[in-house]
Amino acid sequence: MIPIEAAVAALFGSLYGSFLNVVIHRLPREESVVSPRSRCPHCGKPIAAKDNLPVVSWLLLRGRGRCCRKPISARYPAVEAAMALLAGGLFARWPGDPVFAAGAALACGALLALALIDWDTFLIPDELSGGLVLSGLLFCFVNPYLAAPGAPWWEPLWFSVRGAGLGFLLGWGVAVGGEALFGQDAFGGGDVKLLAGIGAWTGGTGAFDALMIGSTLGSVYGVWLLKARRAKRTDPIPFGPFLAAAAAFGFFKLLPFGWPFVP
């Protein structure tokens, strides 16, 4: 049976996912994410509250806008459903740490938004990567990855700062090494900052894990593109989505890849 806390978290997660859809659409365009209210992406008319229920409204309207009947992308309910699953899953994973679970859900939302923005634009907004660093530092004192029972109060803060620094250095090293070996950018500045944000939340282990898992996922996707003849070897591939997916996994389980960076 699903714990009641996880079910409630999933509900709020879907609402958060609805807001993330606004962030994903507006942030790359440098538009306000709080005003005006949500509008139809085709005709621009405001969306009524009854038509803005996460997932449900899209299903009831059969994937079309009420105002103009033009198709609405399935990405919108997919983001809402994904955020509901992440939030509910985090509360189920960390039943004794509700504050951390809530913070981790917020961080996973930022990861989801920046992944899709990077997928669309090849850019990772500083607002999101920087927000991950700041929130990781703020939540470090309730973070079970960083705050050991009986440890001095400053230790989780030190681990968070160190994790952010190690993540940044790992990313910078890959960027410099890739440019030296291949003569082109192998790792963007946004990816470097993203690794710093991951390290602030899950320490050096989490940053290293994300780099290893993300690299594996990205490589598999790149090989598939080449085999399917959907891309050439010189075509760029956004790396942020794979780093973000690996980081989200890290909120549930850290793998022992991060030695000697533990925690």
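The values are calculated or read from the model by the stated rules, or taken from the named source; none is laboratory data. Remember, it's a predicted structure, so these values are computed and weren't measured experimentally. Using ideal geometry, Cβ is built from the backbone for each residue, glycine included, and neighbour counts are taken over all protein chains shown.
Would you please name the residue that is farthest from P156 (Cα to Cα), looking only at residues in the stretch 187-211 that are of a type in the set (F, W, Y) and part of a helix (DSSP H, G or I)?
F208
I'd like to check something: does the stretch 141-149 contain any residue that is over 16 Å from N21 (Cα atoms), at pLDDT 95 or above and small (G, A, S)?
There is no residue in the stretch 141-149 that is over 16 Å from N21 (Cα atoms), at pLDDT 95 or above and small (G, A, S).
Going by the structure shown, is R75 closer than 21 Å to L106 by Cα, charged (D, E, K, R) and touching a residue at least 40 places away in the same chain (Cβ under 8 Å)?
Answer is yes for this residue.
Out of D209, D185, I need the residue that is in contact with a helix residue (DSSP H, G or I) (Cβ under 8 Å, 6 or more places away or on another chain) and either surrounded by fewer than 24 Cβ atoms within 10 Å (Cβ to Cβ) or aliphatic (A, V, I, L, M) (or both). Which one?
D185
Quick one: would you say P236 is within 28 Å of L137 (Cα to Cα), of a type outside the set (G, A, S) and either touching an Asp or Glu at 6+ places or on another chain (Cβ under 9 Å) or assigned to a helix (DSSP H, G or I) (or both)?
No; evaluated as a whole, the condition is false for this residue.
Out of curiosity, is H25 assigned to a loop (DSSP other than H, G, I, E, B), outside the structural domain of K253 (by TED's automatic domain parsing) and not aromatic (F, W, Y)?
no
Which of the numbered conditions does G103 fail, given that it passes all the others? Conditions: (1) within 25 Å of G167 (Cα to Cα); (2) surrounded by fewer than 20 Cβ atoms within 10 Å (Cβ to Cβ).
Here G103 clears every test but (2).
I'm trying to understand the selection: among the residues of the stretch 51-99, which are exposed (fewer than 14 other Cβ atoms within 10 Å of the Cβ), under 26 Å from S135 (Cβ atoms) and over 19 Å from the mean Cα position of the chain (by Cα)?
Answer for the stretch 51-99, where residues must be exposed (fewer than 14 other Cβ atoms within 10 Å of the Cβ), under 26 Å from S135 (Cβ atoms) and over 19 Å from the mean Cα position of the chain (by Cα): P95, G96.
So for the stretch 222-240 (the condition being surrounded by 14 or more Cβ atoms within 10 Å (Cβ to Cβ) and closer than 17 Å to A107 by Cα), does at least one residue qualify?
Looking through the stretch 222-240, at least one residue is surrounded by 14 or more Cβ atoms within 10 Å (Cβ to Cβ) and closer than 17 Å to A107 by Cα.
Can you pull out the residues in the stretch 154-174 that are within 9 Å of A207 (Cβ to Cβ) and more than 21 Å from the chain's Cα centre (by Cα)?
Correct list: empty.
Yes or no, residue by residue, for (1) aromatic (F, W, Y); (2) part of a helix (DSSP H, G or I):
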| position | (1), (2) |
| --- | --- |
| F141 | yes, yes |
| L146 | no, no |
| P152 | no, no |
| G167 | no, yes |
| G173 | no, yes |
| G178 | no, yes |
| D185 | no, no |
| I213 | no, yes |
| T216 | no, yes |
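For the stretch 239-260, enumerate the residues that are part of a helix (DSSP H, G or I) and free of Cβ contacts under 8 Å to residues at least 24 places away in the same chain.
Correct list: empty.
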